[in-house]
Amino acid sequence: MKAFAAGAVVALLLMGCASSGISARKAARVAAFQNFSSDVQRLIEHGQIAEGMDTNAVFVAWGQPSKVTRSLGNELWVYESGWVQKTPYWAFTPERSGYGRYDSRMVTVAQTYIWGEVRFANGRVVSWHRYPPPE
């Protein structure tokens, strides 16, 4: 139950951070944001992207990518996030008699996952994918 409560708190914090992150990125790139069409501005305000957007629009909507790969005028922006997974494992505990016992324990393991990818050709979005978080 504690893990669920902690997960819920983290999710709420991240949702709040998403909109404040967009505001901060808009403030950092005011001139670029004002030059976007009203449709593009509306998408950005909701953290959404669309084909044809330039790199500035994607940066304001989704933020700094974790990784960027460039090749022959094309770019791939990869967005990663972290999560914590509890995993059971069996631990052996030796005893003085020479025997021992196995106990089931839970280990917390930090994981990284890809939550989004954006492909650009000549500085414009040609495709993008947003992935659900792991369960």
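The values are calculated or read from the model by the stated rules, or taken from the named source; none is laboratory data. The structure displayed is predicted, hence computed values, not measured ones. Neighbour counts are summed over all protein chains in view; Cβ atoms, including those assigned to glycine, are modelled from backbone coordinates with ideal geometry.
Tell me whether the stretch 67-74 contains one or more residues that are touching a residue at least 40 places away in the same chain (Cβ under 8 Å) and under 14 Å from A121 (Cα atoms). Within the stretch 67-74 (the criterion being touching a residue at least 40 places away in the same chain (Cβ under 8 Å) and under 14 Å from A121 (Cα atoms)), the answer is yes, since at least one residue qualifies.
Taken over the stretch 37-56, the residue count meeting the criterion of being out of contact with any Asp or Glu (no Cβ under 9 Å at 6 or more places or on another chain), outside any helix (DSSP H, G or I), at negative phi and not hydroxyl-bearing (S, T, Y) is 6. Taking the listed residues V60, V78, V118, V126, the one that is part of a helix (DSSP H, G or I) and either of a type in the set (D, E) or at pLDDT 90 or above (or both) is V60, with no other qualifying.
Criterion applied to E117, E80 was being touching a His at 6+ places or on another chain (Cβ under 8 Å) and either within 16 Å of K67 (Cβ to Cβ) or without any contact (Cβ under 8 Å) to a residue 12 or more places away in the chain (or both), and the one residue passing it is E117. For the stretch 23-36, filtering for residues that are in contact with a Phe, Trp or Tyr (Cβ under 8 Å, 6 or more places away or on another chain) and either surrounded by fewer than 17 Cβ atoms within 10 Å (Cβ to Cβ) or assigned to a loop (DSSP other than H, G, I, E, B) (or both) leaves 1.
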